[in-house]
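Before any comments, here is the structure.
The values are calculated or read from the model by the stated rules, or taken from the named source; none is laboratory data. Being a predicted model, the structure only gives us computed values, none of them experimental. Every residue, glycine among them, receives a Cβ derived from its backbone with ideal geometry; neighbour counts consider all protein chains shown. For accessibility, only protein heavy atoms count, side chains too; no ligands or nucleic acids. Shrake-Rupley method; radii C 1.70, N 1.55, O 1.52, S 1.80 Å.
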Amino acid sequence: MKRYSGFQLVKHALQHQENWQRMWRNPKPKSHYDIIVVGGGGHGLATAYYLAKLHNKTNIAVIEKGWLGGGNTGRNTTIVRSNYLWDEAAHLYEHAMKLWEGLSQDLNYNVMFSQRGVMNLGHNLQDMRDIQRRVNANRLNGIDGEVLDAQQCQEIVPIMNCGGSTRYPVLGASWQPRAGVARHDAVAWGYARAADALGVDIIQQCEVDDILIEDGAATGVSTRQHGVITADRIGCVTAGNSGVTAAMAGFKLPLESHPLQAFVSEPIKPILDTVVMSNAVHGYMSQSDKGDLVIGAGIDGYVGYGQRGSYPTIEHTAQAIMELFPVVSRVHMNRQWGGIVDTAPDACPIISATPVENLFFNCAWGTGGFKATPGSGHVFADMLAKGKANKMAKPFSMFRFHDGALIDEHGAAGVAH
Amino acid sequence: MFLIYCPHCEEHREEPEFHASGEAHLARPEDPEACTDEQWGEFLYFRKNPRGLHRELWVHSAGCRKFFNILRDTQTYQIHGSYKVGEWLEVDVQKDDEVSSS
């Protein structure tokens, strides 16, 4: 891999940008790998990258049914934050946050991580109490956070309607200055390029249609395009399709897959230099570098794999955004799309061994997977390399739904579900 | 937008009147005290979550407020029929698909 640098930029400018090296190979799969990662989204690619980089594994394949980052990695609203209430979740997301802070240098790829701050609004007294509790918990865990009152919110976001005229007035917010946004495609491409350079085979357009099991242990995968590929260990990072891949291996997961949608507006001049989220009115908004407003909605209530959201949810979200930001009422929406998010009952991920030996799952990131990409890959790589959960991954076992040790982030963390 | 037939009201109504309540036909264990943690956990949390036909519980929350079941495809979003709780609906899915695509 040729490293990107200012010098390379000048050199290629003189050659009409025609000789850039391909970012990753397109290899034919081998018949056997030490480790197969199923799913070539951000989390899967990050897993492969950290396996190669930190665990000296080089005989690894990432198998992706579509193209890299074509699922939820390319469909989210790119928000990165770590202000979770419970210790287990806070440690995991903060681990990811620390990796984000050095990610562009680490990957030699500009992921455009912009720490512009994230504001989680409170609209009633109980919201504000919860916010205070969460910010205090964050600080005890070494995560930055502040409680803002309505006036401070107004100063940071002048276009927001913080007055008393709204149905759900803004009373204040929690504010995490280190949070922000990143370029989602660049995260997938950066990890893919860096993993490929370390010898990982990235196999696209190859759909796994069965997981092969002998004597209760996974031995490989059967694929639609390239037949059987065997492996010593298999890690499934299949997000919304995790229920389907688990069914291939013969067990159920505590998950339901829901459509989660987002939309972007036409590009306009800069009006919002931070991220505003509201759990109560179900909408969040930021502005991309290109100028379009990126707006996220809540999930649709039913199980769905259609990668499109429902109209009532669009309407609901548009109402919320218009009430918070009356100034955008005449902005046209350009595009709308949905991703399939696999949500666990406690809204926390599953990073876990399974009833099948040598088969591991990293899923259930639900509505908040993008922010965790580096941390998720980092801990899951450790699990695949060593065959057991490390301290950070341990609380996220799928068997917590048997013994009752849930991590109840659902209502607690100001997460926009 | 779904147009959902409520078997209690015997009318088609629009989606915002309804609320999805997850997988249908989940039988509560008859003697919960006798369940192992695993059995109880399976009942509470583990779901089929299929990509395809799905029997699910809905409630007509802004209408008659009664629960009923829907047989729906989670990939195409086609609704194959609604039926009351305690009943069972068999649908020739292939035939249904042909009707809707013609």
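Below are the figures for this structure:
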{"quantity": "Segments classed as strands (runs of 3 or more DSSP E), wholly inside the range A:301-417, with at least 1 members that are among the β-branched types (Val, Ile, Thr) and surrounded by fewer than 22 Cβ atoms within 10 Å (Cβ to Cβ)", "calculated": "none"}
{"quantity": "Which numbered condition A:Asp130 fails, given (1) over 18 Å from the mean Cα position of the chain (by Cα); (2) not in a helix (DSSP H, G or I)", "calculated": "(2)"}
{"quantity": "Out of A:Thr223, A:Thr230, A:Thr274, sole residue that is over 30 Å from A:Ala150 (Cα atoms), in contact with a Ser or Thr (Cβ under 9 Å, 6 or more places away or on another chain) and polar (S, T, N, Q)", "calculated": "A:Thr230"}
{"quantity": "Hits in the range A:275-291 (condition: touching a residue at least 40 places away in the same chain (Cβ under 8 Å) and surrounded by 19 or more Cβ atoms within 10 Å (Cβ to Cβ))", "calculated": "A:Val275, A:Val276, A:Met277, A:Ser278, A:Asn279, A:Val281, A:His282, A:Gly283, A:Tyr284, A:Met285, A:Ser286"}
{"quantity": "So A:Ala52, is it closer than 30 Å to A:Val294 by Cα and either surrounded by fewer than 24 Cβ atoms within 10 Å (Cβ to Cβ) or in contact with a helix residue (DSSP H, G or I) (Cβ under 7 Å, 6 or more places away or on another chain) (or both)", "calculated": "no"}
{"quantity": "Members of the range B:1-12 found to be open to solvent by less than 70 Å² (accessible area, probe 1.4 Å) and either within 14 Å of another protein chain (Cβ to nearest Cβ) or modelled with pLDDT under 95 (or both), listed by number", "calculated": "B:Phe2, B:Ile4"}
{"quantity": "Strands (runs of 3 or more DSSP E) (entirely within the range B:17-102) containing at least 1 residues that are polar (S, T, N, Q) and within 14 Å of another protein chain (Cβ to nearest Cβ)", "calculated": "B:19-23, B:67-73, B:79-84"}
{"quantity": "Residue match in the range A:183-195 (condition: touching a Lys or Arg at 6+ places or on another chain (Cβ under 6 Å) and touching a residue at least 12 places away in the same chain (Cβ under 8 Å))", "calculated": "no"}
